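The values are calculated or read from the model by the stated rules, or taken from the named source; none is laboratory data. On a predicted model such as this, the values are computed, not experimentally measured, just so you know. Glycine gets a Cβ as well: all are built from the backbone with ideal geometry, and neighbour counts include every protein chain shown. For accessibility, only protein heavy atoms count, side chains too; no ligands or nucleic acids. Shrake-Rupley method; radii C 1.70, N 1.55, O 1.52, S 1.80 Å.
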Amino acid sequence: MFLTIKKSVIVAVLLCLILMSGVFIMFFSVKPTSSPKLIHTIVIDAGHGGIDGGCVGRRYGAVESELNLAYSQELKDICEKFGFKVVMTRETAEGLYSPFAKNKKKSEMQKREKIINESKGDLLISIHMNSVNISTVKGAQVFYKKGNEEGKKLANKITDSLAKGGNEIKNSAVVGDYYVLNCTEKAAVLVECGYLSNADEEYKLMQKDYRKTFCENVFLGIINFLEISK
Ligand SMILES: [Zn+2]
């Protein structure tokens, strides 16, 4: 009798272990490696840099180029953790322009374009912070190039994911005429993470936890885009 019970307990425990390992394998294989290609190359573009700091926060003096880099690096870490290859246009505080260039802005944009096109990336995420004269305006916005349907889908997925994840959204994905979006035909978006001209939002954007959640939501948007693009 004792032996029978013992045997059945062992069988039950073994069954549980088999089931649990099955669930474990399913969980880690379904998310997010079920994307169409096992390795996608994501180009992350931290806006501005060097002498071009971008906009500056009104209350706390947050510098856009520094925040762009911090958000880009956070997003890079998440993407790499999940097996994606990442190419960064800028990885230091230095600008991308040639030190000898007369027109630094032009030189910088040409370098950005070169990195984006040589990367053979599947999609591009350009990171920026916004600013406007009216201090009450706030929320993230995701831009795509007019006519770039893949960019539009990606922009919509990222916007949805940010909204569902509790990040402030200014409006739905919008068409934007930006150099980085115009220099590629791949799915490309420019994410304005929020307004440094709004004191509350500037403070939030400077917080490590907010940055982490924001970037996780951008990443989820990318995953959702890749799922529908299969
Ligand atoms: Zn900017």
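Below are the figures for this structure:
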| read-out | value |
| --- | --- |
| Those residues of the stretch 73-98 which are of a type in the set (Phe, Trp, Tyr) and crowded, with 18+ Cβ neighbours inside 10 Å, in sequence order | PHE84, TYR97 |
| Filter result for GLY151 (open to solvent by 40 Å² or more (accessible area, probe 1.4 Å) and closer than 27 Å to PHE82 by Cβ) | no |
| Residue list for the stretch 48-69, filter: in a loop (DSSP other than H, G, I, E, B) and either within 12 Å of the ligand (Cβ to nearest atom) or under 17 Å from TYR203 (Cβ atoms) (or both) | HIS48, GLY53, GLY54, CYS55, GLY57, ARG58, ARG59, TYR60, GLY61, ALA62 |
| Contacts under 9 angstrom Cβ, first residue in the stretch 58-72 being not assigned by TED's automatic domain parsing to the domain that holds TYR203, partner acidic (Asp, Glu) and open to solvent by 40 Å² or more (accessible area, probe 1.4 Å), 6 or more apart | none |
| Sole exception among (1) polar (S, T, N, Q); (2) open to solvent by less than 60 Å² (accessible area, probe 1.4 Å); (3) closer than 27 Å to GLY53 by Cβ for ASN182, by number | (2) |
| Residues being closer than 14 Å to PHE225 by Cα and open to solvent by 70 Å² or more (accessible area, probe 1.4 Å) - total across the stretch 154-177 | 1 |
| Any pair with Cβ under 7 angstrom, 6 or more apart, that starts in the stretch 185-207 at a residue that is within 18 Å of ASN133 (Cα to Cα) and ends at one that is more than 15 Å from the ligand (Cβ to nearest atom) and open to solvent by less than 10 Å² (accessible area, probe 1.4 Å) | CYS193/PHE214; GLY194/GLY139 |
